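Here's the structure, in structure tokens; my notes come after.
The values are calculated or read from the model by the stated rules, or taken from the named source; none is laboratory data. Every value quoted in this text rests on a predicted model; they were computed, and no experiment measured them. Backbone-built Cβ (ideal geometry, glycine too); neighbour counts: all protein chains shown.
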Amino acid sequence: TKVLLPEIVDQDKLTKEISSINEYLGIIRTLLSIEYFQPNIFQIYPVNQWSRECLCYDLLVRMGIEKNPIEIHRFYDNLSKLEESKGYELYNEERDYILQFLIEKHDQLEINKINQILISLKDISINRLKSNDSNWHNNLSKYSIREHVIKHFSLLKYSYTIINYIIDLLTYVYNNYQSFDIVISILHCYSEPDELVKFLHQVSDEKLTMEELKEIIKLP
């Protein structure tokens, strides 16, 4: 018995081209769960990419940017970089879980936050998304920043008190500017923790604008 799917889905093609039962069921679950369809997906993309593209389109429509080429490009660029860093293939349950999670939370997020979440997930386990933490977004950011800071200062003998303080300061910067690019650029400008702390205090005390901060750290 065939599953009742939207008419635009070529179910015979799906059945013939997907041999893995888990992948087949995963694609079916996606097609049954999404609200907004782009018919061209089923003509343009291979079957094992249907789930990815359908989830992306559904999310973009819910965020109201499905006709904004700049935002679409930025979103797909961040998603592709995440997929590359994690080694995801065209069909991947973990990647689909991330997209489904973002769809579920879309009314709490702006597109910039979604992009920042995709960036942060490159460095940490997606299990961080599966916790029942009400403050999940801020904690996700902090976990990612922690990974970068520890890696950056891995060859130095440092005090964990100082490192944790740096993590808190960088998290403050992220919360204010909503940009991992800025946080990571600041971090890589300094090889000594003390100098980094000094600069982060300056950022906090002077309440620099985004443009002023980008100019200081030479970020385009």
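Might you check whether a residue that is under 17 Å from Y24 (Cβ atoms) and in the same structural domain as L31 (by TED's automatic domain parsing) occurs anywhere in the range 70-85?
The answer is no; no qualifying residue exists.
Going by the conditions given, is I70 crowded, with 20+ Cβ neighbours inside 10 Å and hydrophobic (A, V, I, L, M, F, W, C)?
no
If you check I216, I182, I166, which single one turns out to be farther than 22 Å from S144 by Cβ and β-branched (V, I, T)? Please lay out each step first, then the result.
Details: I182 fails: farther than 22 Å from S144 by Cβ; I166 fails: farther than 22 Å from S144 by Cβ.
One residue alone meets the criteria, I216.
Which one of these does S185 not meet: (1) within 20 Å of the chain's Cα centre (by Cα); (2) modelled with pLDDT under 90?
(2)
Would you pick out the residues in the range 59-90 that are modelled with pLDDT of 95 or more, in a loop (DSSP other than H, G, I, E, B) and of a type in the set (S, T, N, Q)?
Passing the criteria: none in range.
Of the residues in the range 63-91, how many are of a type in the set (S, T, N, Q) and under 21 Å from F37 (Cβ atoms)?
1
Tally up the residues in the range 84-102 that are surrounded by fewer than 18 Cβ atoms within 10 Å (Cβ to Cβ) and in contact (Cβ under 8 Å) with a residue 60 or more places away in the chain, please. Break it down into steps so the answer makes sense when it comes.
Taking the range 84-102 as the starting set, the residues that turn out to be surrounded by fewer than 18 Cβ atoms within 10 Å (Cβ to Cβ) are 84-87, 89-90, 93-94, 97, 101.
Going one step further and asking which of them are in contact (Cβ under 8 Å) with a residue 60 or more places away in the chain, we end up with 93.
The total comes to 1.
Look through the range 91-105, keep the residues that are part of a helix (DSSP H, G or I) and over 13 Å from the mean Cα position of the chain (by Cα), and return whichever of them is nearest to G64 (Cα to Cα).
Here the residue is E104.
How many residues are farther than 24 Å from T161 by Cβ and loosely packed, with under 13 Cβ neighbours inside 10 Å when one looks only at the range 179-211?
4
Condition check ((1) under 23 Å from N22 (Cβ atoms); (2) touching a Phe, Trp or Tyr at 6+ places or on another chain (Cβ under 9 Å); (3) not hydrophobic (A, V, I, L, M, F, W, C)) across all residues:
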{"position": "E35", "(1), (2), (3)": "no, no, yes"}
{"position": "F42", "(1), (2), (3)": "yes, yes, no"}
{"position": "Y45", "(1), (2), (3)": "yes, no, yes"}
{"position": "E53", "(1), (2), (3)": "yes, yes, yes"}
{"position": "C56", "(1), (2), (3)": "yes, yes, no"}
{"position": "L90", "(1), (2), (3)": "yes, yes, no"}
{"position": "E94", "(1), (2), (3)": "yes, yes, yes"}
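So in the range 114-172, with the set limited to residues that are under 30 Å from L55 (Cβ atoms) and β-branched (V, I, T), which one is surrounded by the most Cβ atoms within 10 Å (Cβ to Cβ)?
Among those that are under 30 Å from L55 (Cβ atoms) and β-branched (V, I, T), it is I145.
Which of the residues spanning the range 49-67 are surrounded by fewer than 18 Cβ atoms within 10 Å (Cβ to Cβ) and of a type in the set (S, T, N, Q)?
Within the range 49-67, Q49 is the sole residue that qualifies.
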